[in-house]
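Novice: Got a structure for you, written out below as structure tokens; questions coming shortly.
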Amino acid sequence: DHPNIAQLLSNIAALNVLRGNYDKAEELFERSLIIRKKAFGEEHQSVAEGLGSLGGLYKALGEYGKAESFYKRSLEIFEKNLGPEHPLVAVNLNFMGVLYAEMGDYSKAEQHYQRSLAINEKVFGQMHPTVAQTLNNMGELYRKIGDYAKAEQHYLRSLEIAKKVFGLEHVDLALYLSNLALLYDSVREAEPLYKRSIQIYEKTLGLEHPLLATTLNNLALHYSYFGEFSKAEPLYKRALAIQEKILGTEHPNVS
């Protein structure tokens, strides 16, 4: 019943999420939360963290009602303990923005992203990695709703921050390049962005990482869009091989 055990349980649960063992992850997150509540009471920051972890799990499972409930309760506790403008509040708001975007509630997603961005800019300044992350998420949101001008604006700003903070060969930069490429997918501007993203992932994460597989798949989709199926096929096969090796043949991402 020691709090350190609760944290270890959460860490093991997170590994099970990555492996697609969601039932085991749920059991471990719930055990962790029980210990946190017993040790600290219902209104402690540690409990908020445990609630947020369960919210993330249910989001991954597509159980959006449960995810929203856990995220909301987590946010209430963080705000009560830390105030409405703490970085951990901003993190929670960002998670909720991602959830609402997946639910298709784009107005709520935008509201949560904007509030998260405002907190991070106030606390960290305008050239901080957390600011870039929220800008990238907002770019994804605007791309989904077809506001391509806003999407491009937010993507480019996130890229600017990543280049300045991390340099030209960082994982975050690769992600932002890949997302910008998705925006440019209907034109040839996308191809060099995908290729640069792949180069960075291969150098920083190795040849068998899920993020690399995702970008290989996106480049294959790009080639398919232009009818270049001979270029697309080996990329699809390589992406599939990575996913199957890491996640197994029965994982949802593989299917």
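Novice: If Lys237 meets every condition in (1) farther than 30 Å from Asn21 by Cβ; (2) open to solvent by 90 Å² or more (accessible area, probe 1.4 Å); (3) modelled with pLDDT of 90 or more apart from one, which number is that one?
Specialist: Just one mismatch for Lys237, condition (1).
Novice: Does region 165-180 include one or more residues that are open to solvent by 80 Å² or more (accessible area, probe 1.4 Å) and either in contact with a strand residue (DSSP E or B) (Cβ under 8 Å, 6 or more places away or on another chain) or in a helix (DSSP H, G or I) (or both)?
Specialist: For region 165-180, residues open to solvent by 80 Å² or more (accessible area, probe 1.4 Å) and either in contact with a strand residue (DSSP E or B) (Cβ under 8 Å, 6 or more places away or on another chain) or in a helix (DSSP H, G or I) (or both): absent.
Novice: What pairs come out if I take residues in region 206-217 that are part of a loop (DSSP other than H, G, I, E, B) and pair them with residues that are among the small types (Gly, Ala, Ser) and crowded, with 19+ Cβ neighbours inside 10 Å whose C-beta lies under 7 Å away, six or more apart or interchain?
Specialist: Matching pairs, first to second residue: none at all.
Novice: Anything in region 36-60 that is at pLDDT 95 or above, out of contact with any Ser or Thr (no Cβ under 9 Å at 6 or more places or on another chain) and of a type in the set (A, V, I, L, M)? List them, or say none.
Specialist: Leu57
Novice: Are any residues in region 227-241 farther than 16 Å from Lys195 by Cα and aromatic (Phe, Trp, Tyr), and if so, which ones?
Specialist: The one that is farther than 16 Å from Lys195 by Cα and aromatic (Phe, Trp, Tyr): Phe229.
Novice: Scan region 144-156 and give yes if some residue there is over 22 Å from Arg196 (Cα atoms), modelled with pLDDT under 95 and acidic (Asp, Glu), otherwise no.
Specialist: Yes, the conditions are met somewhere in region 144-156.
Novice: In region 181-204, is there at least one residue being open to solvent by 40 Å² or more (accessible area, probe 1.4 Å), more than 29 Å from Asn120 (Cβ to Cβ) and among the hydroxyl-bearing types (Ser, Thr, Tyr)?
Specialist: Scanning region 181-204 turns up at least one residue that is open to solvent by 40 Å² or more (accessible area, probe 1.4 Å), more than 29 Å from Asn120 (Cβ to Cβ) and among the hydroxyl-bearing types (Ser, Thr, Tyr).
The values are calculated or read from the model by the stated rules, or taken from the named source; none is laboratory data. Quantities reported herein were computed from a predicted structural model and do not represent experimental measurements. With ideal geometry, Cβ positions are generated from the backbone for all residues, glycine too; neighbour counts draw on all protein chains shown. Each accessible area value is taken on the protein alone, full model and side chains, heavy atoms only, with ligands, DNA and RNA left out. Shrake-Rupley method; radii C 1.70, N 1.55, O 1.52, S 1.80 Å.
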